[in-house]
Amino acid sequence: MTGTVAYLTKRFPRLSETFILDEILGLEAAGVPLRLYAIADPHEKLVQPDVSRVKSPVVYLQSGAAGVERWRALRETVVAHTQLLRESPRRYLGVVFYIARRRRHLSTVKNFAQAGRLAALLRENDTRHLHAAFAHGPASVAHFVHLLTGLPYSFSAHAKDIYVSAPDLLARKVRDASFVLSCSESARTALTSLAGADTTKVILAHHGVDTQRFTSSEWVGSTGVDESPLRILAVGRLVAKKGYPVLLGALKMMNAAGRTPRCTIVGEGTDREQLTALVNDLGLTTTVEFVGSQTHQEVAEHFHRADVFVQASVVLANGDRDGIPNSLLEAMASGLAVVASDVAGIPEVVTPTSGLLVPPGDALALARALERLDDDVALRQRLGDQAREHVVEKFDRTACALRIAPLFGVEVGTRPGALGQFTVPYVADREG
């Protein structure tokens, strides 16, 4: 099959969106001819070293520059829309009326403008398919490109992008897409429950992690000496849905019970100041250390120094929540015992044999689970071993990419198997 597959995301590269980077690398390794597009450049100071392994250059739809560059981008957008209107006035005006009848939020208008420019770029690069990495902004842009040009499109849905999107618009995106990839079964259920959505198009496709980079080591965890403090690790953006106040509450309870855990929190975010103040208020300044954003390699080193990984995710009032956090998969691949909230897609990876689940928002239950692991080194080791085995079997980056590569026209096997409404080539087991 000729032509390229355009892969559109909101911002690239982002340090916290390692699952996007992993998926891109996995698809390229599987032979999918990707060309990358992003709505904007995040201009983050810290970039994952693996970004340099991405083969495709990145084209940005929105110029962050001032002056001449910004005016050039605006001119290209106007020219692109003018050409689309001239080529197919009925189709173009139909999209305009579709937008006017429903929602005229500024973000919708911006997505429509970006779609015109992207459509022109895709035409120049012999694009056969467009895939968007999120169900909100990127999928809206891709949907508008489809409506304007007829180019087949698909999108991936994760967590927040599902639960904070307008249900009627999201259902239309699902209905018009060639297929939709859902990163968890809970997310798939949310998508298939949308009124008017074509449920046969929604395909479960878990994110994978690099199980060669994140691997267990003989020196994972403490020596088991009774007086050795339990070393707890949490990794993720410092935002409300990660549930850090719940973790801090559990640590306070452990201290009150005479225990002396040590907790390292990796990540940055809008709640940093609030969480630092809470640590001070709870008297946890000698218990908790914030180390900021870290690269993959630095995070891997933290995994090897920890005894237990905690994922204290919660569901916010607006519906925002985690899907299956990549840091959780990375911790399990590293052979760490994990304690995680029983919420969203987390129970799909943390099973009764591979970790401990606690109710979301329950600091007491989290404290009790951590105390159990503090008292039982053998249990920590057993859960860590089984966690790695589970992730290697079900969530390896290469294997996950091979499972979805046929949807993008890449043949990776010969035995047919059904995937939703699609009949795709069988992906052979890695052993044979």
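The values are calculated or read from the model by the stated rules, or taken from the named source; none is laboratory data. This is a predicted model, so every value here is computed, not measured. Here the Cβ positions follow ideal geometry from the backbone for every residue, glycine too, while neighbour counts run over all protein chains shown.
Within segment 194-217, the set of residues being more than 26 Å from residue 29 (Cα to Cα) and crowded, with 20+ Cβ neighbours inside 10 Å comprises 194, 197.
Yes or no, residue by residue, for (1) aromatic (Phe, Trp, Tyr); (2) within 19 Å of residue 403 (Cα to Cα):
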| residue | (1), (2) |
| --- | --- |
| 140 | no, no |
| 144 | yes, no |
| 148 | no, no |
| 162 | no, no |
| 174 | no, no |
| 190 | no, no |
| 202 | no, yes |
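Checking each residue in segment 227-275 for being under 22 Å from residue 330 (Cβ atoms), of a type outside the set (Gly, Ala, Ser), without any contact (Cβ under 8 Å) to a residue 60 or more places away in the chain and touching a Lys or Arg at 6+ places or on another chain (Cβ under 6 Å) picks out 238, 262. Restricting attention to segment 2-46, and to residues there that are at positive phi and modelled with pLDDT under 90, which single residue is surrounded by the fewest Cβ atoms within 10 Å (Cβ to Cβ)? Result: 43. Residues that are closer than 19 Å to residue 27 by Cα and at pLDDT below 95 do occur in segment 183-193.
With respect to the numbered conditions (1) modelled with pLDDT under 95; (2) closer than 24 Å to residue 23 by Cβ, which one is the sole condition not fulfilled by residue 414? Single failed check for residue 414: (2).
Given the residues 363, 369, which is the only one that is in contact with a strand residue (DSSP E or B) (Cβ under 7 Å, 6 or more places away or on another chain) and either free of Cβ contacts under 8 Å to residues at least 12 places away in the same chain or surrounded by 17 or more Cβ atoms within 10 Å (Cβ to Cβ) (or both)?
Matching residue, one of 363, 369: 369.
Would you confirm, using the coordinates I've provided, whether residue 217 is at pLDDT below 90 and not basic (Lys, Arg)? In short, yes.
Among the strands (runs of 3 or more DSSP E) confined to segment 1-86, the ones with at least 1 residues that are in contact (Cβ under 8 Å) with a residue 12 or more places away in the chain, within 18 Å of residue 409 (Cβ to Cβ) and out of contact with any Phe, Trp or Tyr (no Cβ under 8 Å at 6 or more places or on another chain) are located at 4-11.
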